[in-house]
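Here is the structure we will look at, set down as structure tokens.
The values are calculated or read from the model by the stated rules, or taken from the named source; none is laboratory data. All figures in this text were calculated on a predicted structure; none of them were measured in a lab. Note that we place each Cβ from the backbone using ideal geometry, even for glycine, and neighbour counts take in every protein chain shown. The accessibility values were calculated without ligands, DNA or RNA, using every heavy atom of the protein model including side chains. Shrake-Rupley method; radii C 1.70, N 1.55, O 1.52, S 1.80 Å.
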Amino acid sequence: MPLPFRSLSHGTVAFGFFNIEIDMLLLEQLFFFADRFCSLVVDLHRCLGPDLSLPGWRIRDPAAVGNVNLAIRGVHLGGFIGETYREFPFPERPEGFKQKPDGHKNRVWAEAAIQRFGEPEELQVRVDPATGAIAVAEYVFDPATFGDLVDYVDRGGYPRWEREVRPAYVAAMMAALGRPSQTPSQ
């Protein structure tokens, strides 16, 4: 589930996985696949340029985004997030609430669904050479908080990766950062 993180630009913002069956992340109204985020992190680490981009989508209308908490409970299945819970309902048993390391299997469905709610966008990513602050589109994070976003993805967010198995793209990101993950890779 998305968690609150402190940004330099917008105060507290939501970032994270929002449905355990999909390998997609949200940053407020921005959406992108986790493997693309991990590749971006590696590119930033390798200093491949102060200006990079992250392919994703922007949903401009808050109602079209949906509400994770209401969708989980099945109370309101509106917007893109609600659509994901209509297709992939919240598990009936608490032990089923784990981020699936094979969420990429539902990518075709997720891409088709988000097209109905949002617009594709190359999200510009910039690093301030003086401060190290990292901007993902309009959201700016200090280096420590951006590191917290990376750690969140490595853990599989909240509720963590199913069976503590993470996708290979997460293992590759952590290896490139020289920070072995706590969990085995798939």
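Worth a mention:
- Close pairs (8 angstrom Cβ cut-off, 6 or more residues apart or separate chains): touching a residue at least 60 places away in the same chain (Cβ under 8 Å) and open to solvent by 20 Å² or more (accessible area, probe 1.4 Å) in region 165-180, of a type in the set (Gly, Ala, Ser) and part of a helix (DSSP H, G or I) anywhere: Tyr169/Ala34; Tyr169/Ser39
- Every residue from region 146-164 that is in contact (Cβ under 8 Å) with a residue 40 or more places away in the chain and among the aromatic types (Phe, Trp, Tyr): Tyr152, Tyr158, Trp161
- Strands (runs of 3 or more DSSP E) within region 119-186 that include 1 or more residues basic (Lys, Arg): 119-127
- Failed criterion for Asn19 (all others in (1) surrounded by fewer than 19 Cβ atoms within 10 Å (Cβ to Cβ); (2) assigned to a loop (DSSP other than H, G, I, E, B) hold): (1)
- Scope region 140-158; condition open to solvent by 10 Å² or more (accessible area, probe 1.4 Å) and over 16 Å from His45 (Cα atoms); matching residues: Val140, Arg155, Tyr158
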